[in-house]
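Enquirer: What follows is a structure written as structure tokens; I'll ask about it next.
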Amino acid sequence: MMCLTALSMSAQTLFETTKTAAQNGDKISQYNLGLYYAAGNMVEQDSTEAMYWWRRAADQGMIEAQYILGQCYYKGQGVPQNYAQAMTWFRKAADKDYAPAQYKLGNCYLNSSESEQDYEQAVYWYRKAAEQGNTAGQVCLGYCYDLGYGVEQDDEQAVYWYRKAAEQGESIGQNNLGSCYYKGEGLEQDDKQAVYWYRKAAEKGDAMAQTNLGKCYENGEGVKEDPKQAVYWYRKAAEQGDAEGQCCLAYCYDSGTGVDYDQEQAVFWYLKAAMQGHPRAQYNLGYLFYQSNSYATEYWMRKAANQGYESAVDWYEGNVPRATSR
């Protein structure tokens with residue numbers, strides 16, 4: 001009990017010391033005091049008070065405070081969401097070579113409204129972050145090369161940056177590198193290497209990688225065919241809300257692949273994916289309703305057809321529908 005009391009007193013003393021130093025203008029203490037208020041640690045949680053102290057520190061040039069202010073404006077935490085203000089604060093930190101801010105500034109340029117979107121600026125800031133070893137920046141720079149956003153499309157450069165991130169343990173980079181191996185884009189096609197990288201990401205909880213690994217098990221690509229393992233990984237992804245994983249799991253129930261046939265479970269997971277706009281799930285859901293002559297057939301078939309899903313378009317042209325796995 002004495003140790004706990006002493007610890008409590010020590011924590012209270014540290015807080016009071018931090019508060020006094022912050023009031024006296026110490027920027028590190030101002031930043032830390034903002035953290036106290038943001039977390040509700042030793043004080044009542046107060047986002048406005050947190051912003052006040054972070055701004056005090058940021059105005060003195062503290063990079064971490066400038067970055068966290070940018071985050072608050074970007075996410076609308078403690079203040080109304082304001083991308084212009086977010087970019088202002090991210091830039092202040094990014095100009096001082098703070099890699100996380102450079103990455104976030106790249107995001108702002110990539111994801112801004114059409115009038116403010118600037119892919120070349122996004123690439124500029126992603127590269128700044130990536131060259132400092134920031135894994136998120138490396139993934140995003142790879143993504144830009146992958147799709148030709150702000151740079152000439154270059155599969156080999158995409159692989160280069162995905163690998164940089166993957167080798168540092170970044171799960172998105174691992175999944176994307178796995179997909180490059182799977183498709184043979186930017187390097188020699190290799191299903192075993194695809195599985196290797198998918199597994200690394202899947203074991204970290206990356207839902208997209210879990211779905212991709214499930215497909216490899218379902219089809220025997222780079223690994224021995226194992227429908228039960230496919231279901232295992234699809235379920236992992238589906239339970240995280242991944243629409244593709246939900247649709248694949250639904251199809252397993254629909255076809256009795258790796259699990260007992262269960263139409264109720266198939267409908268449950270198709271509906272989860274369809275509500276997220278997944279066209280194949282919408283079509284397969286419409287197909288299940290078609291079998292039971294349900295009025296919902298038209299609704300879901302139209303949803304899928306409006307997204308250009310070929311099987312749904314065929315249905316409107318008078319062809320008999322059938323469930324599709326891919």
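Just so it is clear, none of the values below were taken in a lab; they were calculated from the coordinates. Here the structure is a predicted model, which means the values were calculated and not measured. Here the Cβ is made from the backbone with ideal geometry for all residues, glycine too, and neighbour counts use every protein chain on show.
Enquirer: With 10 angstrom as the radius, rank F15, F90, F289 by how many other C-beta atoms surround their C-beta, starting from the fewest.
Expert: So the residues, fewest neighbours to most, are F15, F289, F90.
Enquirer: Compute the Kirkwood hydrodynamic radius of segment 192-245, taking the inverse of the mean of 1/r over all pairs of distinct Cα atoms, and give it in Å to one decimal.
Expert: This gives a value of 10.3 Å.
Enquirer: Under a 10 Å cutoff between Cα atoms, tell me which one of L285, L105, L14 has the largest fluctuation in the Gaussian network model of the chain.
Expert: Maximum fluctuation in the GNM of the chain, among the listed residues, is at L14.
Enquirer: Counting Lys and Arg as +1 and Asp and Glu as -1, what is the net charge of the other residues whose Cβ lies under 11 Å from the Cβ of E131?
Expert: Taking every other residue near E131 into account, the sum is +2.
Enquirer: Give the dimensionless ratio obtained when the Cα radius of gyration of segment 1-90 is divided by 2.2 N^0.38 Å.
Expert: 1.19
Enquirer: How compact is the chain by the rule of thumb for globular proteins, expressed as Cα Rg over 2.2 N^0.38 Å?
Expert: For the chain, the normalised Cα radius of gyration comes out at 1.26.
Enquirer: Fewest first, what order do M51, M275 take by the number of other Cβ atoms within 10 Å?
Expert: Ascending Cβ contact count within 10 Å gives the list M275, M51.
Enquirer: Another question, then. Can you sort I172, I28, I63 from fewest to most other Cβ atoms within 10 Å of each residue's own Cβ?
Expert: I28, I63, I172
Enquirer: For the chain, modelled as a GNM with alpha-carbon contacts under 10 angstrom, which of A166, A99, A58 fluctuates the most?
Expert: Between A166, A99, A58, it is A58 that shows the largest mean-square fluctuation.
Enquirer: Summing Lys, Arg as +1 and Asp, Glu as -1, what charge do residues with Cβ under 14 Å from the Cβ of Q71 carry, Q71 excluded?
Expert: +4
Enquirer: When the Cα centres of segment 141-197 and segment 269-319 are compared, how far apart do they sit, in Å?
Expert: 33 Å
Enquirer: Karplus couplings for segment 10-25 from phi (6.51 cos²θ - 1.76 cosθ + 1.60, θ = phi - 60°), rounded to Hz, Gly and Pro as x?
Expert: In residue order, the calculated couplings are 5, 5, 5, 5, 5, 4, 4, 5, 4, 5, 5, 5, 4, 5, 8, x Hz.
Enquirer: Go through K104/K200; K75/K204; K92/K204 and tell me which ones have a Cα-Cα distance over 27 Å in this structure.
Expert: Beyond 27 Å: K92/K204.
Enquirer: Find out how many positive minus negative residues lie around K236, taking Lys and Arg as positive, Asp and Glu as negative, among other residues whose Cβ is under 11 Å from that of K236.
Expert: -3
Enquirer: Let me ask something else about it. Relative to the longest principal axis of the chain, what angle (0 to 90°, nearest 10) does the C-alpha long axis of helix 207-219 take?
Expert: It works out to around 30 degrees.
Enquirer: Given the -39500 (n - 2.57) contribution per DSSP H run of 4+ residues, what per-residue ellipticity at 222 nm results for the chain, rounded to the nearest 500 deg cm²/dmol?
Expert: -22500 deg cm²/dmol
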